[in-house]
1. In the full protein assembly as shown, how much of SER67 is accessible to a 1.4 Å probe, in Å² to the nearest 10?
2. Just to verify a number: FRET efficiency for GLN113 and THR62, C-beta to C-beta distance, R0 = 25 Å, to 0.05?
3. Count charges around SER325 for me, please; just the other residues with Cβ under 12 Å from its Cβ, Lys/Arg as +1, Asp/Glu as -1.
4. Provide the gained length on full extension for the span GLU225 to ALA124, in nm with one decimal, where the gain is 0.36 nm per separating residue minus the Cα-Cα distance.
5. Can you work out the Karplus-derived ³J(HN,Hα) for every residue in the range 232-239? Use 6.51 cos²θ - 1.76 cosθ + 1.60 with θ = phi - 60°, whole Hz, and x for glycine or proline.
6. Over the range 263-350, what relative contact order in percent results from Cα pairs under 8 Å that are six or more residues apart?
7. What are the ³J(HN,Hα) values, in whole Hz, obtained from phi via the Karplus relation 6.51 cos²θ - 1.76 cosθ + 1.60 with θ = phi - 60°, for each residue of the range 249-261 in sequence order, with x given for Gly and Pro?
8. Quick one: which residues, 5 or more positions from ALA129 or on another chain, have an amide H under 5 Å from its amide H? H modelled 1.01 Å from N in the peptide plane, none for Pro or chain starts.
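The values are calculated or read from the model by the stated rules, or taken from the named source; none is laboratory data. Since this is a predicted model, take the numbers as computed values, not measurements. Positions of Cβ are generated from backbone atoms using ideal geometry, with glycine treated the same way; all protein chains shown enter the neighbour counts. What goes into the accessible areas is simple: the full protein's heavy atoms, side chains included, and nothing from ligands, DNA or RNA. Shrake-Rupley method; radii C 1.70, N 1.55, O 1.52, S 1.80 Å.
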Amino acid sequence: MTFFPASSAVPPRRAHAGITLGLLAMVLLTGCETATVEDSTEPAGDAGTSAGDSQAQAPEPTGNQLSHEDMRAQLEARYPEATLTDTDDYWSGLRDIETELQKLVVDPPECKQYVVRSAVPVPAGALVAFADGSGAVESGADEESGGAAESGGDGAEAEEPEASGSGLGAAVQLASTEEDSEDGADGGDSDGAESSSDSREDGNSEDSEQDGEDSEEEPEPVTVELPAERQAVIYTFPDWRAADSHFTAEQDGLDECDSYTAQRSADDAVETSTSIDRVDLSSDADAAYGITRRISSAGENEHSAAVTLRTGSHIVTVMVPLQDSLSEEEAEVAVVELEEEAADLLTSLD
(Lines give C-alpha, C1' and ligand atoms only; values in the text may rest on other atoms or scores of the structure.)
Protein backbone atom coordinates (compact mmCIF):
# COMPACT_ATOMS: atom_id res chain seq x y z
CA MET A 1 0.00 0.00 0.00
CA THR A 2 1.71 3.17 -1.20
CA PHE A 3 1.13 6.71 0.03
CA PHE A 4 0.82 9.98 -1.81
CA PRO A 5 1.74 9.17 -5.39
CA ALA A 6 2.79 12.13 -7.50
CA SER A 7 0.04 13.73 -9.52
CA SER A 8 -0.75 17.09 -10.98
CA ALA A 9 -2.84 17.74 -7.89
CA VAL A 10 0.19 17.53 -5.61
CA PRO A 11 2.67 20.43 -5.53
CA PRO A 12 6.34 19.57 -6.31
CA ARG A 13 7.36 20.33 -2.72
CA ARG A 14 5.09 17.57 -1.42
CA ALA A 15 6.28 15.23 -4.16
CA HIS A 16 9.86 15.72 -2.95
CA ALA A 17 8.76 15.08 0.62
CA GLY A 18 7.26 11.81 -0.52
CA ILE A 19 10.58 10.73 -2.02
CA THR A 20 12.38 11.26 1.27
CA LEU A 21 9.89 8.87 2.86
CA GLY A 22 10.80 6.14 0.40
CA LEU A 23 7.45 5.88 -1.35
CA LEU A 24 7.63 3.92 -4.56
CA ALA A 25 5.20 5.86 -6.69
CA MET A 26 6.81 9.16 -5.77
CA VAL A 27 10.25 7.92 -6.76
CA LEU A 28 9.01 6.54 -10.05
CA LEU A 29 6.70 9.34 -11.09
CA THR A 30 8.50 12.48 -9.90
CA GLY A 31 9.51 14.42 -12.95
CA CYS A 32 6.88 12.80 -15.15
CA GLU A 33 5.13 15.35 -17.33
CA THR A 34 1.61 14.19 -16.58
CA ALA A 35 -1.23 16.23 -18.01
CA THR A 36 -3.20 18.47 -15.70
CA VAL A 37 -6.95 18.91 -15.81
CA GLU A 38 -6.54 22.29 -17.48
CA ASP A 39 -4.13 21.32 -20.27
CA SER A 40 -5.20 17.73 -20.89
CA THR A 41 -6.64 17.02 -24.30
CA GLU A 42 -8.36 13.94 -22.89
CA PRO A 43 -10.99 14.49 -20.20
CA ALA A 44 -10.45 12.76 -16.87
CA GLY A 45 -14.13 11.85 -16.60
CA ASP A 46 -16.26 9.64 -18.77
CA ALA A 47 -16.39 10.11 -22.52
CA GLY A 48 -18.39 13.14 -23.50
CA THR A 49 -17.73 15.04 -20.29
CA SER A 50 -15.36 17.87 -19.56
CA ALA A 51 -13.12 18.42 -16.58
CA GLY A 52 -15.65 20.85 -15.17
CA ASP A 53 -18.56 18.41 -15.27
CA SER A 54 -19.80 16.71 -12.12
CA GLN A 55 -18.56 13.35 -13.45
CA ALA A 56 -14.98 14.60 -13.05
CA GLN A 57 -15.52 14.99 -9.32
CA ALA A 58 -14.98 12.19 -6.82
CA PRO A 59 -18.16 10.16 -6.26
CA GLU A 60 -20.32 10.65 -3.19
CA PRO A 61 -20.11 8.07 -0.37
CA THR A 62 -22.27 4.98 -0.84
CA GLY A 63 -23.11 2.08 1.43
CA ASN A 64 -20.89 2.14 4.51
CA GLN A 65 -18.45 4.67 3.11
CA LEU A 66 -17.44 7.67 5.21
CA SER A 67 -17.46 11.21 3.91
CA HIS A 68 -14.26 13.10 3.28
CA GLU A 69 -15.22 15.51 6.05
CA ASP A 70 -15.48 12.72 8.60
CA MET A 71 -12.18 11.15 7.60
CA ARG A 72 -10.32 14.44 7.52
CA ALA A 73 -11.68 15.40 10.92
CA GLN A 74 -10.29 12.25 12.51
CA LEU A 75 -6.90 12.68 10.85
CA GLU A 76 -6.68 16.33 11.80
CA ALA A 77 -7.49 15.54 15.43
CA ARG A 78 -4.54 13.14 15.62
CA TYR A 79 -2.06 14.80 13.27
CA PRO A 80 -2.75 18.53 13.60
CA GLU A 81 0.45 19.57 11.79
CA ALA A 82 -0.04 17.26 8.82
CA THR A 83 -1.09 18.26 5.32
CA LEU A 84 -4.46 16.69 4.53
CA THR A 85 -5.68 15.57 1.11
CA ASP A 86 -8.47 13.30 -0.06
CA THR A 87 -9.99 11.66 -3.12
CA ASP A 88 -10.90 15.02 -4.66
CA ASP A 89 -7.22 16.01 -4.83
CA TYR A 90 -6.30 12.93 -6.90
CA TRP A 91 -9.45 12.13 -8.84
CA SER A 92 -8.93 14.39 -11.87
CA GLY A 93 -5.36 13.13 -12.42
CA LEU A 94 -6.02 9.51 -11.57
CA ARG A 95 -6.09 8.33 -15.18
CA ASP A 96 -2.72 9.95 -15.86
CA ILE A 97 -1.19 8.30 -12.81
CA GLU A 98 -2.50 4.90 -13.82
CA THR A 99 -1.15 5.39 -17.35
CA GLU A 100 2.32 6.22 -16.04
CA LEU A 101 2.26 3.28 -13.65
CA GLN A 102 1.46 0.91 -16.50
CA LYS A 103 4.77 1.95 -18.12
CA LEU A 104 6.76 0.50 -15.24
CA VAL A 105 9.18 -2.31 -15.94
CA VAL A 106 9.11 -4.60 -12.91
CA ASP A 107 11.40 -7.51 -12.12
CA PRO A 108 10.17 -10.15 -11.51
CA PRO A 109 7.44 -9.41 -14.08
CA GLU A 110 4.75 -11.22 -12.10
CA CYS A 111 5.04 -8.52 -9.43
CA LYS A 112 3.99 -5.71 -11.74
CA GLN A 113 0.29 -6.13 -11.03
CA TYR A 114 0.91 -5.80 -7.30
CA VAL A 115 3.27 -2.83 -7.72
CA VAL A 116 0.86 -0.92 -9.97
CA ARG A 117 -2.21 -1.68 -7.87
CA SER A 118 -0.44 -0.73 -4.67
CA ALA A 119 0.81 2.58 -6.08
CA VAL A 120 -2.58 3.83 -7.24
CA PRO A 121 -3.65 6.50 -4.71
CA VAL A 122 -7.38 5.70 -4.93
CA PRO A 123 -8.21 1.98 -5.08
CA ALA A 124 -11.21 0.96 -7.16
CA GLY A 125 -14.45 1.61 -5.29
CA ALA A 126 -12.78 3.44 -2.40
CA LEU A 127 -12.71 6.95 -1.02
CA VAL A 128 -9.53 8.04 0.73
CA ALA A 129 -8.10 10.67 3.05
CA PHE A 130 -4.37 11.21 3.65
CA ALA A 131 -2.36 12.88 6.38
CA ASP A 132 1.22 13.72 5.44
CA GLY A 133 3.50 15.30 8.00
CA SER A 134 4.66 15.43 11.59
CA GLY A 135 2.76 15.23 14.82
CA ALA A 136 2.42 11.90 16.58
CA VAL A 137 -0.52 11.44 18.91
CA GLU A 138 0.10 13.93 21.68
CA SER A 139 -1.48 11.81 24.41
CA GLY A 140 0.84 8.96 23.54
CA ALA A 141 3.88 11.23 23.74
CA ASP A 142 2.79 12.52 27.14
CA GLU A 143 2.27 8.99 28.42
CA GLU A 144 5.71 7.94 27.27
CA SER A 145 7.31 10.96 28.90
CA GLY A 146 5.44 10.43 32.15
CA GLY A 147 6.20 6.73 32.14
CA ALA A 148 9.90 7.38 31.69
CA ALA A 149 9.93 9.85 34.56
CA GLU A 150 8.10 7.46 36.86
CA SER A 151 10.39 4.61 35.89
CA GLY A 152 13.47 6.71 36.58
CA GLY A 153 12.18 7.70 40.01
CA ASP A 154 11.39 4.14 41.01
CA GLY A 155 14.79 2.96 39.87
CA ALA A 156 16.61 5.54 41.98
CA GLU A 157 14.59 4.72 45.07
CA ALA A 158 15.14 0.98 44.62
CA GLU A 159 18.90 1.22 44.19
CA GLU A 160 19.69 3.49 47.14
CA PRO A 161 18.59 1.26 50.03
CA GLU A 162 20.17 -1.80 48.44
CA ALA A 163 23.55 -0.17 48.06
CA SER A 164 23.43 1.28 51.56
CA GLY A 165 22.35 -1.98 53.16
CA SER A 166 25.03 -3.99 51.37
CA GLY A 167 27.82 -1.64 52.43
CA LEU A 168 26.67 -1.55 56.06
CA GLY A 169 26.44 -5.34 56.28
CA ALA A 170 29.98 -5.77 54.94
CA ALA A 171 31.40 -3.23 57.40
CA VAL A 172 29.73 -4.83 60.42
CA GLN A 173 30.88 -8.30 59.41
CA LEU A 174 34.48 -7.22 58.94
CA ALA A 175 34.64 -5.41 62.32
CA SER A 176 33.21 -8.40 64.16
CA THR A 177 35.75 -10.74 62.61
CA GLU A 178 38.72 -8.52 63.49
CA GLU A 179 37.64 -8.11 67.12
CA ASP A 180 37.15 -11.85 67.56
CA SER A 181 40.58 -12.52 66.08
CA GLU A 182 42.41 -10.01 68.34
CA ASP A 183 40.61 -10.81 71.63
CA GLY A 184 40.61 -14.59 71.32
CA ALA A 185 43.63 -15.85 73.36
CA ASP A 186 42.58 -19.47 72.95
CA GLY A 187 43.66 -21.00 69.63
CA GLY A 188 40.39 -22.91 69.43
CA ASP A 189 38.39 -19.73 69.73
CA SER A 190 40.51 -18.13 67.04
CA ASP A 191 40.08 -21.11 64.74
CA GLY A 192 36.36 -21.08 65.39
CA ALA A 193 36.16 -17.38 64.55
CA GLU A 194 38.14 -17.88 61.37
CA SER A 195 36.00 -20.85 60.42
CA SER A 196 32.86 -18.86 61.03
CA SER A 197 34.25 -15.96 58.98
CA ASP A 198 35.23 -18.26 56.12
CA SER A 199 31.77 -19.76 56.13
CA ARG A 200 30.16 -16.36 55.92
CA GLU A 201 32.54 -15.23 53.15
CA ASP A 202 31.89 -18.41 51.16
CA GLY A 203 28.17 -17.84 51.52
CA ASN A 204 28.49 -14.24 50.35
CA SER A 205 30.61 -15.35 47.39
CA GLU A 206 28.02 -17.90 46.33
CA ASP A 207 25.23 -15.33 46.66
CA SER A 208 27.24 -12.87 44.59
CA GLU A 209 27.85 -15.44 41.87
CA GLN A 210 24.16 -16.37 41.87
CA ASP A 211 23.16 -12.70 41.56
CA GLY A 212 25.55 -12.35 38.63
CA GLU A 213 24.02 -15.35 36.88
CA ASP A 214 20.50 -13.98 37.41
CA SER A 215 21.42 -10.59 35.98
CA GLU A 216 22.93 -12.19 32.87
CA GLU A 217 19.76 -14.18 32.24
CA GLU A 218 17.61 -11.03 32.12
CA PRO A 219 18.21 -9.26 28.78
CA GLU A 220 17.76 -5.54 28.58
CA PRO A 221 14.42 -4.52 27.06
CA VAL A 222 14.55 -3.47 23.41
CA THR A 223 13.53 0.14 22.86
CA VAL A 224 13.02 2.11 19.65
CA GLU A 225 12.75 5.87 19.46
CA LEU A 226 10.49 6.59 16.50
CA PRO A 227 10.46 10.05 14.90
CA ALA A 228 7.36 12.18 15.35
CA GLU A 229 6.66 12.32 11.61
CA ARG A 230 3.81 10.14 10.39
CA GLN A 231 1.90 9.37 7.25
CA ALA A 232 -1.60 8.01 7.69
CA VAL A 233 -4.30 7.01 5.23
CA ILE A 234 -7.93 5.99 5.56
CA TYR A 235 -9.60 3.86 2.89
CA THR A 236 -13.36 3.52 3.13
CA PHE A 237 -15.32 1.06 0.99
CA PRO A 238 -19.06 0.57 0.36
CA ASP A 239 -19.06 -2.74 2.27
CA TRP A 240 -16.74 -5.03 4.19
CA ARG A 241 -16.39 -7.47 1.30
CA ALA A 242 -14.82 -4.81 -0.93
CA ALA A 243 -12.51 -3.72 1.88
CA ASP A 244 -11.53 -7.31 2.63
CA SER A 245 -10.84 -8.00 -1.05
CA HIS A 246 -8.49 -5.01 -1.27
CA PHE A 247 -6.77 -5.89 2.01
CA THR A 248 -6.28 -9.53 1.02
CA ALA A 249 -4.83 -8.55 -2.38
CA GLU A 250 -2.31 -6.27 -0.68
CA GLN A 251 -1.39 -8.94 1.83
CA ASP A 252 -0.93 -11.57 -0.86
CA GLY A 253 1.20 -9.15 -2.86
CA LEU A 254 3.49 -8.62 0.11
CA ASP A 255 3.92 -12.36 0.54
CA GLU A 256 4.65 -13.01 -3.13
CA CYS A 257 6.67 -9.87 -3.92
CA ASP A 258 8.77 -9.06 -0.89
CA SER A 259 11.68 -8.03 -3.13
CA TYR A 260 11.58 -6.46 -6.59
CA THR A 261 13.00 -3.73 -8.81
CA ALA A 262 11.12 -1.21 -10.92
CA GLN A 263 11.90 1.51 -13.42
CA ARG A 264 9.76 3.73 -15.63
CA SER A 265 10.94 2.14 -18.86
CA ALA A 266 13.51 -0.35 -20.08
CA ASP A 267 15.73 2.51 -21.26
CA ASP A 268 15.43 4.43 -17.99
CA ALA A 269 18.72 4.33 -16.08
CA VAL A 270 17.04 5.02 -12.73
CA GLU A 271 16.06 1.75 -11.08
CA THR A 272 14.32 1.43 -7.74
CA SER A 273 14.90 -1.64 -5.59
CA THR A 274 12.40 -2.49 -2.87
CA SER A 275 12.59 -5.09 -0.11
CA ILE A 276 9.81 -5.71 2.41
CA ASP A 277 9.83 -7.72 5.61
CA ARG A 278 6.62 -8.79 7.32
CA VAL A 279 6.49 -8.24 11.08
CA ASP A 280 4.35 -10.33 13.43
CA LEU A 281 1.49 -8.25 14.75
CA SER A 282 -1.27 -8.82 17.27
CA SER A 283 -4.42 -6.73 16.90
CA ASP A 284 -8.11 -6.74 17.75
CA ALA A 285 -8.91 -5.57 14.21
CA ASP A 286 -10.55 -7.92 11.71
CA ALA A 287 -7.24 -8.15 9.84
CA ALA A 288 -3.79 -6.68 10.36
CA TYR A 289 -0.21 -6.77 9.16
CA GLY A 290 3.00 -4.88 9.91
CA ILE A 291 6.00 -4.35 7.66
CA THR A 292 9.37 -2.72 7.41
CA ARG A 293 10.42 -1.48 3.97
CA ARG A 294 13.67 -0.44 2.35
CA ILE A 295 13.73 1.37 -0.98
CA SER A 296 17.03 2.01 -2.77
CA SER A 297 17.35 4.39 -5.70
CA ALA A 298 20.30 6.28 -7.17
CA GLY A 299 22.56 5.18 -4.34
CA GLU A 300 20.23 6.33 -1.58
CA ASN A 301 18.28 4.17 0.84
CA GLU A 302 14.97 5.00 2.47
CA HIS A 303 13.56 3.00 5.37
CA SER A 304 10.09 2.91 6.87
CA ALA A 305 7.80 0.87 9.10
CA ALA A 306 4.04 0.63 8.70
CA VAL A 307 0.96 -1.03 10.12
CA THR A 308 -2.27 -1.68 8.21
CA LEU A 309 -5.52 -2.63 9.92
CA ARG A 310 -9.01 -3.44 8.63
CA THR A 311 -12.29 -3.49 10.46
CA GLY A 312 -15.53 -3.77 8.52
CA SER A 313 -15.53 -1.44 5.52
CA HIS A 314 -12.56 0.67 6.61
CA ILE A 315 -8.79 0.25 6.28
CA VAL A 316 -6.16 2.45 7.91
CA THR A 317 -2.41 2.52 7.52
CA VAL A 318 0.05 4.44 9.70
CA MET A 319 3.64 4.72 8.50
CA VAL A 320 6.79 6.24 10.01
CA PRO A 321 10.03 7.05 8.14
CA LEU A 322 13.21 5.65 9.69
CA GLN A 323 16.81 6.81 9.66
CA ASP A 324 18.10 3.26 9.33
CA SER A 325 16.93 -0.32 9.16
CA LEU A 326 15.64 -2.03 12.31
CA SER A 327 16.59 -5.35 13.79
CA GLU A 328 13.89 -8.00 14.07
CA GLU A 329 13.35 -7.18 17.75
CA GLU A 330 13.28 -3.42 17.09
CA ALA A 331 10.79 -3.89 14.26
CA GLU A 332 8.44 -5.76 16.59
CA VAL A 333 8.61 -2.92 19.12
CA ALA A 334 8.01 -0.30 16.39
CA VAL A 335 4.91 -1.97 14.97
CA VAL A 336 3.39 -2.31 18.44
CA GLU A 337 3.51 1.47 18.82
CA LEU A 338 2.15 2.03 15.31
CA GLU A 339 -0.60 -0.54 15.87
CA GLU A 340 -1.83 1.44 18.88
CA GLU A 341 -2.08 4.60 16.78
CA ALA A 342 -3.72 2.81 13.86
CA ALA A 343 -6.19 1.04 16.16
CA ASP A 344 -7.16 4.32 17.79
CA LEU A 345 -7.77 5.87 14.38
CA LEU A 346 -9.71 2.87 13.12
CA THR A 347 -11.91 2.76 16.21
CA SER A 348 -12.84 6.42 15.74
CA LEU A 349 -14.34 5.62 12.33
CA ASP A 350 -17.12 3.39 13.68
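1. Around 30 Å² of this residue is reachable by solvent.
2. On the way: r = 26 Å, r/R0 = 1.05.
Once the sixth-power term is evaluated, E becomes 0.40.
3. Working: positive: ARG293, ARG294; negative: ASP277, GLU302, ASP324, GLU328, GLU330.
Cβ neighbours under 12 Å give a net charge of -3.
4. Values: separation 101, 0.36 × 101 = 36.36 nm, distance 3.62 nm.
Contour length minus the Cα-Cα distance gives 32.7 nm.
5. 9, 9, 10, 10, 10, 10, x, 8
6. Relative contact order for the range 263-350 comes out at 24 percent.
7. Result, rounded to whole Hz: 5, 5, 5, 5, x, 5, 5, 8, 10, 7, 8, 6, 10.
8. Residues meeting the amide H criterion: ILE234.
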